[in-house]
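J.: Please find one structure pasted underneath; my questions will follow.
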Amino acid sequence: MPPRGEAGRDRLSALPDDLLHRILRPLDARQAAGDLSLLSRRWRRVWASSPFVTFSQRSARSERFGNNLLLLRDPVDLRAFSLHSSDRGNGNFFFQHRWLRHALSRGLRVLELTLRSSSPFQVPDCLFACATLEEISLSSKITEVLAPKSEVSLPRLKKLHLEMVCIVPSAMEKFNSGWPALEDLNLSRCLLDLGSFKLSSETVKSLSITDCTYGEIHVCAPSTTSLKIKVSSIVHLSAMPSLVSAWVYVCDYAAGYLAPYASDLVAALCNAQRLELFRFDLILQDVMQKSAATEGLSFSNLESLYVGEWLVTDFYNALAFFTQRAPNLATLALDQWKLYQRLNGSLPSDMVGEKKPTTDGKLKLLSALPKNIEKLWVRLSKGDDVEEFRKMRSLLKEKTKPREMEVVWF
């Protein structure tokens, strides 16, 4: 039972402003300024001093509301500004640009733009010269072009996430020198320069380049600890001595282009502790044929290896390439399921002329596995010879003697 007099007390309204602002942060500005103001007098002006503003433009009336909201706010700095725009008007984004310029002039730290319009937004140049910005997230429905007209100066920017964005060569040159503190770069479904896309940064620690269109990528980021990249064309990776984890997917149609540079790509991963590799056998076959390129190559830090979407008959030697060079490997996962799904049409595929996975009746997997493995997880297609797979399962356990083992056939 609450003490007498406590039942009718509004404890939420008694909280300090900074806590109330955090409560309001996920809400759209219309909810924070309109609906919640009906709760009590205390809530009527809480929104006006909030350093967090979120606009979700769904109709033309949103423009008038947005103008009034920014006009009536208290003169306080903005920590975060989120704009979700559908642009159901004429596509000139006049009001959205006005709101964005206002936010950038208020000491903005975090900017989130979600554009679901069929018209290009054209990010204003003042965005590229904001000295207070620490995080930028830009997601677009159609390819948005980033082409700053003047030099880029984002001295505090640490995080940049871009989706459906085109980065022209001149912009990339300006970015490389204009974000001296960048630590987290995520590019998804972006159009990178079809000639040569060059990223050079001494500070980037987390790098993700997935589902992007490009001709050639050059990456020099020695401080990278986390790497995620989908290889769809030529990729040059310089040494990454600080690498801890890497996720690499090799597209089927990229293998031919990448062959001359495959050794450098593999060498860039040699310091990782955790590797997740998909369709990696496509380039390892070329690497293993060049003894000079692999001489002295070691994965001494590697503790966990996940190998996905591999053809069993092709990958025994490629798997041994890693296990023979990874003395500290403790966890190994071999997964064929997604490849099987792609080849059977249940998942989108970029593979041409591939055959269904099969072991061809051979137990080559045993010779490729290290004896000191602690955790072993295998998911394979059993094909037509069920008895052969049962035999393999028994031999796997007998030879490797892992602390934990699971073998799944489908």
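J.: Look through Ser232, Ser223, Ser263, Ser238 and report the one residue that is polar (S, T, N, Q), modelled with pLDDT under 95 and more than 25 Å from Ala333 (Cα to Cα).
T.: Being polar (S, T, N, Q), modelled with pLDDT under 95 and more than 25 Å from Ala333 (Cα to Cα) holds for just one of Ser232, Ser223, Ser263, Ser238, which is Ser238.
J.: Kindly indicate which of Ser140, Ser177, Ser150, Ser117 is of a type in the set (Ser, Thr, Tyr) and under 19 Å from Thr213 (Cα atoms).
T.: Ser140
J.: Could I ask something else about it? Being within 24 Å of the chain's Cα centre (by Cα) and open to solvent by 10 Å² or more (accessible area, probe 1.4 Å) is true for just one of Ser86, Ser105, Ser137. Which residue is that?
T.: Checking each option against the conditions leaves just Ser137.
J.: Identify, from the list Glu295, Glu309, the residue that is more than 30 Å from Met164 (Cα to Cα) and among the charged types (D, E, K, R).
T.: Result of the check over Glu295, Glu309: Glu295.
J.: Given the structure, is Ile283 at pLDDT below 90 and not acidic (Asp, Glu)?
T.: yes
J.: Ok, one more. Would you check which residues across region 140-161 are under 19 Å from Ile217 (Cβ atoms), crowded, with 20+ Cβ neighbours inside 10 Å and at pLDDT 95 or above and list them?
T.: Leu160
J.: Among the numbered criteria (1) at pLDDT 95 or above; (2) crowded, with 17+ Cβ neighbours inside 10 Å, which single criterion is violated by Val165?
T.: With (1) at pLDDT 95 or above; (2) crowded, with 17+ Cβ neighbours inside 10 Å applied to Val165, the lone miss is (1).
J.: Take region 298-320 and flag every residue that is at pLDDT 70 or above, open to solvent by 10 Å² or more (accessible area, probe 1.4 Å) and within 28 Å of the chain's Cα centre (by Cα).
T.: Ser298, Ser300, Asn301, Glu303, Ser304, Tyr306
The values are calculated or read from the model by the stated rules, or taken from the named source; none is laboratory data. For clarity, every value in this text was computed on a predicted model and none was experimentally measured. Reconstructed Cβ throughout: ideal geometry from the backbone, glycine too, with neighbour counts over all protein chains shown. Note: areas computed on protein heavy atoms with side chains; ligands, DNA, RNA excluded. Shrake-Rupley method; radii C 1.70, N 1.55, O 1.52, S 1.80 Å.
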